[in-house]
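Visitor: My structure is below; once you've seen it, I'll send some questions.
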Amino acid sequence: MKHWTVMVIPDGVRATRQFRVPRVLMRVAAILSLFGFSVLGFFTLDYLKLRSLRASYRSVSNENEGLKGEARVLMQNLEEVKHSLRKVQDYSAKLSELTSLKVAKVSKETGIGPLTQEEFGAAQVKDENKAAKTASYVPLGINMDNLVFRPVFDRLAMIGKDANQHALELQHLLSNLSQQKSLLSSIPSFSPVDGWITSNYGRRISPFTGETGIHWGIDIAAPVGTAVHAPADGVVVFSGAKEGFGNFIMIAHGYGAVTRYGHNHQNMVQPGQRVARGDQIATVGMTGRATGPHLHYEVWVNGKTENPKKFILDVEDFQVY
């Protein structure tokens, strides 16, 4: 068997020593040394990786804490938005209550009704259907169960739904206000001329024939030239001479309401002209069959005559509920 000779030469006067080591043992020692260095290197690299992972973990942990803080702030902001939406809802309800004028009472007294639900409801139904198809707040293809901020998205979806609902409620309120404004602006709600009533609506003795007949309006006496004003918004449908009434005007106000003015000294509007409540349309005169200067004033609703006095509304009729 071959051996390896190892010589040890000490300092000083000591004799040199020799050791005979089998070659196999040297190979084993070399292999063990190589294995030891490999293990040491592995643990060294593993330690360096652990240090790197620890640094990454700290970084991710800090980032995670930051995300948690942002999430808390986001949730707080969402709560504030939700609170604001609740206030909008409350204000909407209060505004709806305050603006719910006594239209039903006015309609009952005058016979002029508001627009039908079909006329104002078609657009509302369309908008409601559109709101129901509103897209999700999470893109398609994303699993909601795997989202870190799942509660945030859930809350956001709920707030979005509430916002759409509040928007529809406000739209309904505006529609209701539009109906009320249109209706109230079409009611001939004040006397068209300052004067005194000399002849009421209904049966009376004719000053010309002495016989009892129906007087389809009221006569309001005033000096010649006194201004006659439109008692409501509308469109002039006739302005000219009419037998028995002299200079005559007819105004259509919508909702089936029409007013008529006779014996005018001068007509100041033309057919097709739009007038607003309070606009001057004529002056008092005594044209046609008249015993003195006055305005003959009629109100028709849906083709039937009505007593004009019941349309001259008091302020209390416009008080809120």
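The values are calculated or read from the model by the stated rules, or taken from the named source; none is laboratory data. A quick note: this is a predicted structure, and the numbers were derived from the prediction, not measured. Cβ atoms come from the backbone with ideal geometry, glycine included; neighbour counts cover every protein chain shown. Surface areas here come from the heavy atoms of the whole protein model, side chains and all, with no ligands, DNA or RNA. Shrake-Rupley method; radii C 1.70, N 1.55, O 1.52, S 1.80 Å.
Visitor: Ignoring ligands, DNA and RNA, how do ARG274, ARG260, ARG86 rank by accessible area with a 1.4 Å probe, largest first? Present the calculation step by step, with values, prior to reporting the outcome.
Guide: Details: ARG274 185, ARG260 40, ARG86 105 Å².
I get ARG274, ARG86, ARG260, largest accessible area first.
Visitor: Across segment 234-321, what fraction of all alpha-carbon pairs, as a whole percent, falls in each successive 5 Å bin from zero upward?
Guide: 3, 14, 21, 22, 20, 11, 4, 2, 1, 0
Visitor: Related question: Beyond a 23 Å Cα-Cα separation, which of these cross-linked pairs lie in this structure: LYS242/LYS310; LYS181/LYS242; LYS242/LYS304; LYS82/LYS181? Intermediate results must be reported in sequence, preceding the final value.
Guide: On the way: LYS242/LYS310 26 Å; LYS181/LYS242 33 Å; LYS242/LYS304 19 Å; LYS82/LYS181 32 Å.
Distance filter (> 23 Å) returns LYS242/LYS310; LYS181/LYS242; LYS82/LYS181.
Visitor: Could you tell me what a quarter of the Cα convex hull surface of segment 179-278 works out to, in nm² with one decimal place? Numbers along the way, then the final one.
Guide: Details: hull surface 27.6 nm².
Approximately 6.9 nm², given one-decimal rounding.
Visitor: Along the Cα-to-Cβ line of GLN266, 7 Å from the Cα, sits a label point; which residues in segment 190-231 have backbone N less than 18 Å from it?
Guide: 193-194, 222-230
Visitor: Here is a follow-up. If all Cα-Cα distances of segment 225-265 are sorted into 10 Å bins from 0 onward, what percent lands in each bin, rounded to whole numbers?
Guide: Values per bin, smallest distances first: 30, 52, 17, 0.
Visitor: Beta carbons within 10 angstrom, averaged per residue: use that to sort the peptides 292-302, 51-61, highest first.
Guide: Numbers: 292-302: 20.7, 51-61: 10.2.
In decreasing order of mean packing, 292-302, 51-61 become 292-302, 51-61.
Visitor: ³J(HN,Hα) across segment 229-241 via Karplus (A = 6.51, B = -1.76, C = 1.60, θ = phi - 60°), whole Hz, x for Gly/Pro?
Guide: 10, 5, x, 6, 5, x, 10, 6, 9, 8, 8, x, 8
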